[in-house]
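Below is one structure; the comments refer to it alone.
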């Protein structure tokens, strides 16, 4: 397990609390992903949204959408953003209560196809984040999510995670899912070059 301190992402902690408590109340298991999970497992970087993987039906997310619409903390209608082929995102919106000017915090709830979603939920880790017990993606599953996205910043995140977690990553697990999800080319790119400074 990672013993490093989680960097100060306090501007998102209230939003994270609202979302995690909403998901717990609504009965949707979750795991923190995105920039907040990168700050735990890898090299911290700026992030302006809250990303969580949610155990909800990939092809029929109506229950999750209905729960978001019924939750007073969210405003605006949630959006469904397809991210083919193996991921959908439901984007919800919270008011940023810590900003001096009214602002919006984006909340991206990732829905994954069943096999990888089940593995990720089974391997998630209960950690203390901002003083509260929260479920976080395992380091390997975070890497696989980044490989699925394949954006330059995601592959840089993978390199940073590899630098920090060198020797602690189950590379066979990552390689297996990268192959199954057809993102092994991204894994090869992320592994190219040195992992030490």
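The values are calculated or read from the model by the stated rules, or taken from the named source; none is laboratory data. A quick note: this is a predicted structure, and the numbers were derived from the prediction, not measured. No Cβ is skipped: glycine too gets one built from the backbone with ideal geometry, and neighbour counts run over all protein chains shown.
Summary table below
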read-out: Of all residues in region 66-84 being outside any strand (DSSP E or B) and without any contact (Cβ under 8 Å) to a residue 12 or more places away in the chain, the one that is nearest to residue 46 (Cα to Cα); value: 84
read-out: Spans of strands (runs of 3 or more DSSP E) in region 86-197 with at least 1 residues within 16 Å of the chain's Cα centre (by Cα) and surrounded by 22 or more Cβ atoms within 10 Å (Cβ to Cβ); value: 87-96, 103-112, 132-136
read-out: Among residues of region 34-53, those that are in contact with a helix residue (DSSP H, G or I) (Cβ under 6 Å, 6 or more places away or on another chain), surrounded by 22 or more Cβ atoms within 10 Å (Cβ to Cβ) and within 12 Å of residue 11 (Cβ to Cβ), counted; value: 1
read-out: Top-ranked residue in region 110-119 [being in contact with a helix residue (DSSP H, G or I) (Cβ under 9 Å, 6 or more places away or on another chain) and without any contact (Cβ under 8 Å) to a residue 60 or more places away in the chain; ranked as nearest to residue 170 (Cα to Cα)]; value: 119
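For every residue, the table says whether it meets (1) over 15 Å from the mean Cα position of the chain (by Cα); (2) modelled with pLDDT under 95; (3) under 17 Å from residue 159 (Cβ atoms); (4) not in a helix (DSSP H, G or I).
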| residue | (1), (2), (3), (4) |
| --- | --- |
| 22 | yes, no, no, no |
| 31 | no, no, no, yes |
| 35 | no, yes, yes, no |
| 40 | no, yes, yes, no |
| 45 | no, yes, yes, yes |
| 51 | no, yes, no, yes |
| 56 | no, yes, no, yes |
| 60 | yes, yes, no, yes |
| 63 | yes, yes, no, no |
